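The values are calculated or read from the model by the stated rules, or taken from the named source; none is laboratory data. All figures in this text were calculated on a predicted structure; none of them were measured in a lab. Because the Cβ atoms are built from the backbone with ideal geometry, glycine has one as well, and the counts that use them run over all protein chains shown.
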Amino acid sequence: MFPEYRDLITRLKAEGANHRFLHLFDKHNELDQKIVSLENHDAGGMHSEIETLKKEKLHVKDQIYALLRHEAQAAAAG
């Protein structure tokens, strides 16, 4: 996820100071695991649940991206 921010992601995870980032990162991974699990076991009846989780995951990813852009701009400015 976001290879252009790999170093920043590593730093934010290691520092542990940005609780919002850590929460979003964990939430994204949790949703990804749920989606993969449901897709592997889906017999066709959980399609709408999977789609809902995918939309939520995309929303979380958008939030992570915005946070990373903000952090990168702050680091560049100061």
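The table below gives the values:
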quantity: The stretch 24-40 - residue that is more than 9 Å from the chain's Cα centre (by Cα) and exposed (fewer than 13 other Cβ atoms within 10 Å of the Cβ) and, of those, nearest to residue 5 (Cα to Cα); calculated: 33
quantity: The stretch 41-65 residues that are loosely packed, with under 13 Cβ neighbours inside 10 Å and among the acidic types (Asp, Glu), paired with ones that are modelled with pLDDT of 95 or more and in a helix (DSSP H, G or I) (beta carbon under 6 Å, 6 or more apart); calculated: none
quantity: Looking only at the stretch 66-78, and only at residues there that are under 15 Å from the mean Cα position of the chain (by Cα) and buried (at least 16 other Cβ atoms within 10 Å of the Cβ), the one that is farthest from residue 2 (Cα to Cα); calculated: 67
quantity: Per-region count, the stretch 5-40, residues in contact (Cβ under 8 Å) with a residue 12 or more places away in the chain, hydrophobic (A, V, I, L, M, F, W, C) and within 28 Å of residue 71 (Cβ to Cβ); calculated: 8
